[in-house]
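Chemist: Questions regarding the structure given below will be posed in turn.
The values are calculated or read from the model by the stated rules, or taken from the named source; none is laboratory data. Given the structure is predicted, the values throughout are model-derived calculations rather than measurements. Reconstructed Cβ throughout: ideal geometry from the backbone, glycine too, with neighbour counts over all protein chains shown. Heavy atoms of the whole protein, side chains included, go into the accessibility calculation; ligands, DNA and RNA do not. Shrake-Rupley method; radii C 1.70, N 1.55, O 1.52, S 1.80 Å.
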Amino acid sequence: KVLGYGLNAGHEALNIFEHGVEAQAPGAGTHFAFNAPSREAVDEFFEAGICNGGKSNEKPGIREAYGRNYYAAFLVDPDGYRLEGV
């Protein structure tokens, strides 16, 4: 099984593969960050996540600890994965 994300099937930026019965979900400390083309896209990522069962782990905004222009939003999805749009 494979799950791909991207603009279309020919331009997937991320693929996740399951390999047999030994496959396991990542642990609680797993964090996935997705690059967004704009701050508006980060806002849309956050709103879409909330509307689809995610929980806020930090609303969109500047994260000066990472850089004065680092704009990000953090979610926890319904399965417990930590997601970031940046």
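Chemist: For the chain, build the convex hull from the C-alpha positions and give me its volume per residue in Å³.
Modeler: Output value, Cα hull per residue: 116 Å³.
Chemist: Can you send over the carbon and sulfur percentage of the accessible area for the chain, probe radius 1.4 Å, protein chains only?
Modeler: 53
Chemist: Can you find, among VAL42, ALA65, PRO78, the residue sitting farthest towards the positive end of the charge dipole of the range 19-86, where Lys and Arg contribute +1 and Asp and Glu -1 at Cβ?
Modeler: So the residue we want is ALA65.
Chemist: Probe of 1.4 angstrom, ligands and nucleic acids ignored: what's the accessible area per residue over the chain, in square angstrom?
Modeler: Here the per-residue accessible area is 75 Å².
Chemist: Enumerate by residue number the trypsin sites (Lys or Arg not before Pro) in the chain meeting two conditions: DSSP loop (anything except H, G, I, E, B), and at most 15 other Cβ atoms within 10 Å of the site's Cβ.
Modeler: The qualifying sites are LYS1, ARG68.
Chemist: Please determine, in degrees from 0 to 90 and to the nearest 10, the orientation of helix 39-51 with respect to the longest principal axis defined by the Cα atoms of the chain, where the helix direction is its Cα long axis.
Modeler: It works out to around 60 degrees.
Chemist: Something else about it: Can you list, bin by bin at 10 Å, the percent of alpha carbon pairs in the range 14-55, starting at 0?
Modeler: 21, 38, 32, 9
Chemist: Need one number: nm distance between label points at LYS55 and GLU18, each 7 Å from Cα along Cα→Cβ, rounded to one decimal.
Modeler: Output for this residue pair reads 2.5 nm.
Chemist: Keeping every protein chain in place, order VAL76, VAL21 by accessible area at 1.4 Å, biggest value first, i.e. largest first.
Modeler: These residues rank, largest area first, as VAL21, VAL76.
Chemist: May I ask you to compute the full-extension gain from TYR81 to PHE32, defined as 0.36 nm times their residue separation minus their alpha-carbon distance, rounded to one decimal in nm?
Modeler: Contour length minus the Cα-Cα distance gives 16.9 nm.
Chemist: Charges only on Cβ, +1 for Lys and Arg, -1 for Asp and Glu: so what's the dipole of the chain about the Cα centre, in debye to the nearest 20?
Modeler: Charge dipole of the chain: 200 debye, to the nearest 20.
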